[in-house]
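Undergrad: First the structure, which I've put down as structure tokens, then a few questions once you've had a look.
Derivation of every value follows stated rules applied to the coordinates shown; laboratory data play no part. No experiment lies behind these values; they were computed from the predicted model shown. Neighbour counts are summed over all protein chains in view; Cβ atoms, including those assigned to glycine, are modelled from backbone coordinates with ideal geometry.
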Amino acid sequence: MSEQNKNSDNAVVSPERRRFISAATATAAGLTIAPGVMLYEVAHGRPEEQAASSAVRWGMMVDATKCATGCDDCVTACNTENGLTPVAESAHPRQAPQWIRKLELQDPLTQMETNLPMMCQHCAEPPCVDVCPTGASFKRADGLVLVNRHTCIGCRYCMMACPYKARSLVHESLNDTQKPDVPRGIGCVESCTFCVQKIDRGDGTTACVEACTASGHNALVFGDMNDPESEISKKLRELPTKQVRADLNLNLGVRYHGI
Amino acid sequence: MAVKLKQLLALGVVVLTTAALAWAGSDAQPKAKGAPQPVITKAVKGEQCVEPTEFMRRNHMDVLDGHRDKTVIEGIRTKKYSLKECINCHASEKTGSVAAAKDDFCISCHSYASVKIDCFECHSTKPKGSIAMHPLNAETAHLKHKLAANTRTTVSAEDMAGVAK
């Protein structure tokens, strides 16, 4: 009995010790690259032969106080970048895929209106990944929740599991209207990818964020939440933000301010 | 009787194999007589594929299969073995696509071999931008750049423009 206890004591690594070890490794890795160049900076514009790294966690902050009524520039930009047919132009609007949508909410008591875009929240613990029977729904190392269309069978379990209604099924053949950078097709579920093609190119931003900034609203901030010096980390430190359905404990990659 | 049948079978196998090899090995265009052969058009850009032609004819599917998982799951987007780069080089000048008409690069062989091709249910069959205005980069103009690197001579602007043509 006493021997057993001794063994278990040895096996336990205290959180402090673990933190120290990971910090030490991170520093060592940062130093080996070049003095002054930290690991996270390299990870942003990573070389094309390098896999996505968990040193980065991509995230977005939505400032609902700046999100303008009637503006849907983010939605338009998403459609253009990813080759989606706008819902209004679709032959079947009720089943048209949407990766990002604008919500206008009103408090029934105070009549206060809130505007916000809703899209895949890129959970750290994604329910869509839990329920996928083929492993097509997956989380990439850098926090993006994606669908591998090569294994997706279109069962739509993930659409049921998603608390944010973020996923769509492509019901109809797209007849070669896809963008070369964004393959998508009939019978597969899809959702916001945080513009993975742009991230892998090293742009470090998404089409919706670019559009929001270009329109002067600046309601969206995108970046690496693991990098304490990134704009998004600074904003998140500064402003009170909420996760939608925080009660589900999913640790979201999209945080809202002013809701 | 059984022996004769076996001999006949063996002969059949030999004839079929020879025919298959002859087809795979020949660069010849369709012949006037006999079964219609697939039209194999030379790539618009570049002079040499990422691997020898023989290897690619037999193994392109495996190579693409391995690359797609790396790209989708790990985010590795190297140009070699990327379907996008195949399309960049092999899109037909006429249709601007690898799979729009029956003589286009991918369709031509696949319909001959009667193998269904699923790539283009999701992937675009056309390169980014128009075929006449290919963005020129080291990864898509394979051979010229390899040669240039080997000989260590500078490539003139005219040379670079020539690759696009």
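Undergrad: Considering only A:Thr110, A:Cys123, A:His257, whose Cα is most displaced toward the positive end of the charge dipole of the stretch A:58-257, charges sitting on Cβ of Lys, Arg (+1) and Asp, Glu (-1)?
TA: A:Cys123
Undergrad: About the Cα centre of the stretch A:78-224, what is the dipole size in debye to 20, counting +1 per Lys and Arg Cβ and -1 per Asp and Glu Cβ, all else neutral?
TA: Details: 13 positive and 16 negative charges, 75 e Å.
Using only the charged Cβ atoms, the result is roughly 360 debye.
Undergrad: Still on this model: Put +1 on the Cβ of every Lys and Arg and -1 on every Asp and Glu Cβ in the stretch A:58-257; which of A:Ser168, A:Cys195, A:Ala141 then has its Cα farthest towards the positive end of the dipole?
TA: After comparing all options, I get A:Ser168.
Undergrad: Once phi is turned into θ = phi - 60°, what whole-Hz ³J(HN,Hα) does the Karplus curve with 6.51, -1.76 and 1.60 give for every residue of the stretch A:203-217, x standing for Gly and Pro?
TA: Couplings: 5, x, 8, 10, 4, 5, 5, 4, 5, 5, 5, 5, 7, x, 7 Hz.
Undergrad: Under the rule a/c < 1.5 gives rounded, and otherwise a/b versus b/c splits prolate from oblate, where does the stretch A:181-246 land using the Cα gyration tensor?
TA: On the way: a/c = 1.87, a/b = 1.60, b/c = 1.17.
Here the stretch A:181-246 falls in the prolate category.
Undergrad: I've got another one for you. Would you work out if the stretch A:56-110 is rounded, prolate or oblate? Take a ≥ b ≥ c from the square roots of the eigenvalues of the alpha-carbon gyration tensor; rounded if a/c is under 1.5, else prolate when a/b is larger than b/c, oblate otherwise. Please report the intermediate quantities before stating the final value.
TA: Values: a/c = 2.21, a/b = 1.24, b/c = 1.78.
In terms of gyration-tensor shape, oblate.
Undergrad: Applying the Karplus parametrisation 6.51 cos²θ - 1.76 cosθ + 1.60 with θ = phi - 60° to the phi angles of the stretch B:107-116, what ³J(HN,Hα) value in whole Hz is obtained for each residue in order, glycine and proline being reported as x?
TA: 5, 3, 6, 5, 6, 4, 7, 6, 10, 5
Undergrad: Residue separation times 0.36 nm, minus the C-alpha to C-alpha distance between B:Thr41 and B:Cys109: what's the value? Walk me through the numbers before you get to the answer.
TA: Working: separation 68, 0.36 × 68 = 24.48 nm, distance 1.06 nm.
Working it through step by step, the gained length comes to 23.4 nm.
Undergrad: OK, next. Shape of the stretch A:79-178 from its Cα gyration tensor (a ≥ b ≥ c, root eigenvalues): rounded if a/c is under 1.5, otherwise prolate when a/b > b/c, or oblate?
TA: Cα axes put the stretch A:79-178 in the oblate bin.
Undergrad: Want the number for A:Asn249 to A:Leu103: 0.36 nm per residue separation, take away the alpha-carbon distance, what's left? Can you show the working numbers first?
TA: Details: separation 146, 0.36 × 146 = 52.56 nm, distance 2.26 nm.
Value of the extension gain: 50.3 nm.
Undergrad: Please compare each pair in A:Lys198/A:Lys234; B:Lys45/B:Lys80; B:Lys42/B:Lys102; B:Lys42/B:Lys80; A:Lys139/B:Lys70 to a cut-off of 20 Å on the Cα-Cα distance and tell me which ones are over it. Please list the in-between numbers first.
TA: On the way: A:Lys198/A:Lys234 23 Å; B:Lys45/B:Lys80 15 Å; B:Lys42/B:Lys102 15 Å; B:Lys42/B:Lys80 18 Å; A:Lys139/B:Lys70 14 Å.
As for pairs spanning more than 20 Å Cα to Cα, those are A:Lys198/A:Lys234.
Undergrad: Please list the non-local residues whose amide H lies under 5 Å from the amide H of A:Val254, H modeled 1.01 Å from N, same-chain partners needing a gap of 5 or more.
TA: A:Met60
Undergrad: Which FRET efficiency, nearest 0.05, do B:Thr78 and A:Glu113 yield, Cβ-Cβ r, R0 51 Å?
TA: On the way: r = 48 Å, r/R0 = 0.94.
Plugging the Cβ-Cβ distance into 1/(1 + (r/R0)^6) gives 0.60.
Undergrad: Take B:Lys102 and A:Ala68, extend 7 Å from each Cα along the Cα→Cβ direction, and tell me the distance between the two endpoints in nm.
TA: 5.4
Undergrad: Next question, about the same structure. Between A:Asp176 and A:Arg237, what is the spin-label point distance in nm, taking each point 7 Å from the Cα along the Cα→C-beta axis?
TA: In this crude spin-label approximation the distance works out to 5.3 nm.
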